[in-house]
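Below is one structure, written out as structure tokens; comments come after it.
Read the figures in this text as sums done on the coordinates, not as results from a lab. In this text the structure is predicted, and so the values were computed from the model without any measurement. Here the Cβ is made from the backbone with ideal geometry for all residues, glycine too, and neighbour counts use every protein chain on show.
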Amino acid sequence: MCGIFAYIGSNSNAPNLVLSGLKRLEYRGYDSWGIAGQANNKIFVQKRAGKISDAKLFLPACNTAVGHTRWATHGKVSNINAHPHFSTDKSFVVVHNGIVENYLPLKKSLINKGFKFVSETDTEVIVRLVESYRRNSNALLDAAKKAFLKLSGRNTIILLAKNGDVIAIRNGSPLVVGINKSSNEVFFSSDTLSFADKVELCAVVQNGEILSYQNGSKIVAFNILTGREASLEWLPLNFAGADVGLEGFPHYMIKEIKEIPFVVKQITKINKKDYLYLAKQIKKAQTVYTVGSGTTGIAAAQIAFYLRAFANINAISLVGADANEYLPLITQKDLVIVPSQSGETADVLEFLEKVKKSKVKIASLVNMPGSMITRLSDFKFMNDAGPEICVMSTKVFVSQISWGYLVAKTVSGKYSEGMKNLNTLSQVSGKYLSNKKISATIRSLAKVVSKKADIFLLGKADNFQIAKEAMVKIIEGSYIHAHAIPSGDLKHYAITLMEKGMLVIAIVPQDSLKSDVLNAVDEVRARGACTVGVSTQSYEGFDHFLPVPDCGEVNSIINIVPFQLLAYYTAVKLGNNVDRPRNIAKSVTVK
Ligand code: GLU
């Protein structure tokens, strides 16, 4: 799930333009980076393992350049494995996003043909394969096409030749192209955000399309299989807030948590007609499947919960990576709902492509403009939450579940009540986030959490997925093992682990479920565990109390906020890389 970027234009500072694009793509992978620039019929490469923020470029003036931020899938994080990868004769380089699933047999046969490999990556197979096709003909475009057709998996590549030609091919992993007509510049990237301030128009490259730029001429797009010219759909790029500065905050995570009141408001600004139309489709559907991965998988489960609880809809949530299991059961009478930050999550996309073929209708809520998931959808919603840069999702999760809540309320005929509750949530969360006492309480709790090796989180009904998301935030930010469990299930197994020193955080509602959760709190406390209650009211069984404001029906939405803050302060306390936790990337575009 790396980021790829390319620049073609008259600016001789191409390597630096690519570097600034890559910095905006760093959320996609940050174990290594590399840039290749072309000048005077030569390619100059600089690449290394490590953070791109520390990069200092030594490349000469070039008008064309490509770059890559890597999230290693095959081959360790090292200078050699970093992209771009050179052809043996140094006549072209390749940057790649994806996994060549058949790289082993391809590699074996290329070795048998005498090709030498210098890296451990699957990407190098693409380079050698192009070289092997070039043995018969000199045309790079033709060789690239033939090589690409041999690859299995979801792959996107950009080739840069020493004469300045650029070839980009997409199949699966994202690729967008942007142009600035006035300055005659072309940008390729994994997302639109990375070049939002530099282009006037952008287009999403479709699966199976090749874009070829031959030095001095125009970009041509065509279909790799049919050879027919493809028409790119150019759209004006308007991503409010594309400026992704920290604005005085020490980390993006805290900046984005503080944007929660704004993102909730954005959900209330979506046209009422769109909610009503979607509600109609939901009522018509036999089963509604919600799908997502990671934090968004939890949002998908919460959306399904709201649909069941508020609107009596038969809604089932699926985890992206395992959603295919349900394919035999999904029919045209069903509806698939997909929240997605990037709109490019590989496992979700693969599932959607399959359901689309069976003519199942798809509704989506996506934050990044110009994504593949939006394109595949019949009912398209946008979060308009502004860029989320921290790898840990906070504001977009809240935005997704707020949307799901309003959708469910609309289905039940209570759109106005839903709107009222979300407006209150937006206001109340603003006050909560600026409350210094709350922030001090959470900081001191972060000190306790940072010393633990294991933490349990308890929740019930609409708060169970919230407990799960709290678990995800703690694991991601602090690398501490956390385990979320429905409070009622505790006594069936996890109670064996309750002893002195164990930390248990419970989300306690004030409705009819209150006593069930409090029973679990008392049970773990009786066995020596230290308890933390997240609730609107204190209770003598809490060793620590983390108050949340009373927002009635939408309490489960605000309940995630103290956990996001807790994960933030714990990560800071531990000295972890808050915005870029180890080993994970934000937009998982490889399977
Ligand atoms: N499979 C390639 C590698 O490991 C690209 C990884 C990616 O797309 O993140 O270098």
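List of remarks:
- Take every Cα pair under 8 Å whose residues are at least 6 apart in sequence, average their separation, divide by the length of the range 375-493, and the relative contact order is 17 percent.
- Cα-based equivalent ellipsoid, the chain: semi-axes from gyration tensor eigenvalues, Å: 44, 26, 22
- Spatially proximal lysines relative to residue 273 (Cα-Cα < 27 Å; intrachain offsets below 8 disregarded): 265, 283, 284, 333, 356, 359, 361, 380, 395, 409, 414, 420
- Inter-part distance, the range 219-291 to the range 314-381, computed on C-alpha centroids, equals 14 Å.
- Working ranking of peptides 290-296, 507-513 by packing, defined as the average number of other Cβ atoms within 10 Å per residue, highest first, is 290-296, 507-513.
- Between helix 140-149 and the chain: long-axis angle, C-alpha atoms, 0 to 90°, nearest 10: 40 degrees
- Within the chain: Cβ-based charge dipole about Cα centre, in debye rounded to nearest 20 (Lys, Arg +1; Asp, Glu -1): 740 debye
- Calculated [θ] (222 nm, deg cm²/dmol) that DSSP helices of n ≥ 4 give over the chain, each run adding -39,500 (n - 2.57): -11000 deg cm²/dmol
- For residue 146, the lysines whose Cα falls under 23 Å of its own Cα, not counting residues fewer than eight places away in the same chain, are 90, 107, 108, 113, 116, 162, 218.
- Of the three principal axes defined by the Cα atoms of the range 196-278, the extents in descending order read 49, 40, 21 Å.
- If you take the Cα centroid of the range 122-146 and the Cα centroid of the range 505-569, the two points sit 59 Å apart.
- Near-label residues of the range 331-352 by backbone N, under 20 Å of a point 7 Å along Cα→Cβ of residue 378: 331-340, 348-352
- Shown here for the range 119-180: trypsin sites (Lys or Arg not before Pro) in loop regions (DSSP other than H, G, I, E, B) with at most 10 other Cβ atoms within 10 Å, namely 135.
- For the chain, the longest site-free run once GluC sites (Glu not before Pro) in DSSP loop states with at most 15 other Cβ atoms within 10 Å are removed: 248-498
- Listed by chain and number, the lysines whose C-alpha is less than 17 Å from the C-alpha of residue 451, apart from same-chain residues fewer than 8 away, are 473, 500, 573.
- Kirkwood Rh and Cα Rg combined as Rg over Rh, evaluated for the range 311-372: 0.95
- The alpha carbon gyration tensor of the range 394-485 gives principal lengths a ≥ b ≥ c with a/c of 1.5 or higher and a/b no greater than b/c, which makes the shape oblate.
- Among the trypsin sites (Lys or Arg not before Pro) within the range 466-536, those in coil by DSSP and having at most 11 neighbouring Cβ atoms inside 10 Å are 500.
- DSSP bridge pairs, the chain: antiparallel proportion in percent, nearest 5: 60 percent
- Loop-located chymotrypsin sites (Phe, Trp or Tyr not before Pro) in the range 408-505, at most 10 other Cβ atoms within 10 Å (DSSP): 493
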